[in-house]
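Visitor: Take a look at the following structure, please.
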Amino acid sequence: MTKTYTLHIDAYSPETIPMARLAEYMQSMATMLGHENGVHFDGLKEGSTQLVGRIDHEQVPKVGAGLDALTRGEGQPDAVKAQEAINRLLANDNASGYLYEDNDQGAKIIAFPGVTRPRPVQYGPIRQEGTLDGILVSVGGADRTAHIRLQHGDMKYSNIDTDRDTARRLGKYLFEPVRVFGIGSWLREDDGTSTLKRFKVDSFEALKADDLRDVLEELRRVEGSEWAMQGDALAVLRSLRDEGNGPH
Amino acid sequence: MVVFDTSVLLLALDPSTKPPLDPATNAAVFRAGERIEHLIDTLSADKKTIIIPTPV
């Protein structure tokens with residue numbers, strides 16, 4: 001026995017929806033349902049715009065399982081992207097929608113908030129003194145402000161400015177690790193990450209590429225540390241913190 | 001990148017530091033000094049970047 005899934009689009013009607021827009025919804029719905037050889041277009045229904053997909057008998061359990069996974073937040077990457085794409089399409093159409101099974105419109109399997117979904121919250125820019133570390137990969141600029149770029153692993157920092165004098169001195173360390181000091185403007189994204197908007201470099205220092213073992217051996221030879229004389233250094237540290245009225 | 005917290009940093013600077021308690025056993029971490037040396041050798045060989053949050 002076949003099954004149908006219907007995407008209820010709270011916009012347009014079968015007569016007014018542009019064909020290209022309909023094609024975009026169809027593409028995303030097909031990707032979300034997956035199993036393309038067993039999923040067929042079954043028509044448009046009145047009541048805003050209702051896009052009906054029919055699932056072959058053999059594929060019904062697989063498609064159902066895929067949608068279940070999607071509702072649990074464990075969908076296949078392609079299906080998740082398609083779900084997001086439908087939400088974007090609906091938001092752009094100033095609409096929302098939902099997917100329902102067979103002819104039961106009350107059984108909303110997946111809700112698409114579309115235009116009603118919370119918008120990403122971004123804070124900032126926040127100006128803060130700080131440092132950036134990385135390999136200096138570029139120094140340039142034809143105007144009075146020089147522009148540099150740093151690379152730290154997969155992360156690349158651009159939008160870093162400085163004056164020509166600092167840039168000239170920095171240039172001697174091209175493709176070497178440096179730490180730049182200055183004031184950064186950061187944006188706080190809704191997922192908690194920070195994005196560098198701009199960084200103005202005041203000064204810098206070249207970083208040594210010393211071996212960790214060598215550095216620690218050197219630090220261990222520094223005289224005057226009293227930590228070794230403490231019976232329980234961690235307990236001492238904790239008590240120092242507590243004297244400061246709790247955690248930092 | 002690897003972050004050293006205070007207990008690891010103290011042991012790294014001085015492996016004879018009294019080790020912290022293992023929350024699972026409530027006993028001092030077993031062979032803490034040797035384990036920290038092994039960690040340093042491994043991180044050193046892998047050329048990892050060490051982050052030390054401040055204040056510690």
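The values are calculated or read from the model by the stated rules, or taken from the named source; none is laboratory data. None of these values were measured; they are calculated from a predicted model. Because the Cβ atoms are built from the backbone with ideal geometry, glycine has one as well, and the counts that use them run over all protein chains shown.
Visitor: What number of residues in region A:76-107 are within 30 Å of the chain's Cα centre (by Cα) and without any contact (Cβ under 8 Å) to a residue 40 or more places away in the chain?
Guide: 7
Visitor: Working carefully through the options A:R117, A:R149, A:R127, find the one that is in contact with a Gly (Cβ under 8 Å, 6 or more places away or on another chain) and at negative phi.
Guide: Only one candidate qualifies: A:R127.
This table checks each residue for (1) in a strand (DSSP E or B); (2) out of contact with any Leu (no Cβ under 7 Å at 6 or more places or on another chain).
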site	(1), (2)
A:I109	yes, no
A:P125	yes, no
A:G130	yes, yes
A:S138	yes, yes
A:G171	no, yes
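Visitor: Could you name every one of the helices (runs of 4 or more DSSP H) located completely within region A:7-98 that has at least 1 residues being aromatic (F, W, Y)?
Guide: Qualifying helices (runs of 4 or more DSSP H): A:19-33.
Visitor: Looking at region A:42-64, can you tell me whether even one residue there is free of Cβ contacts under 8 Å to residues at least 24 places away in the same chain and closer than 21 Å to A:A107 by Cα?
Guide: yes
Visitor: Report whether or not B:L9 is facing chain A (nearest Cβ under 9 Å), surrounded by 12 or more Cβ atoms within 10 Å (Cβ to Cβ) and assigned to a helix (DSSP H, G or I).
Guide: Spelling it out, it is not the case that B:L9 is facing chain A (nearest Cβ under 9 Å), surrounded by 12 or more Cβ atoms within 10 Å (Cβ to Cβ) and assigned to a helix (DSSP H, G or I).
Visitor: Confirm whether A:A228 is within 26 Å of B:L43 (Cβ to Cβ), within 34 Å of the chain's Cα centre (by Cα) and modelled with pLDDT under 95.
Guide: Judged against the criteria, A:A228 is not a match.
Here is a yes/no grid of residues against (1) part of a loop (DSSP other than H, G, I, E, B); (2) more than 10 Å from chain B (Cβ to nearest Cβ):
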residue	(1), (2)
A:K156	no, yes
A:F181	no, yes
A:L187	no, yes
A:G192	yes, yes
A:D214	no, no
A:R238	no, no
A:R241	no, no
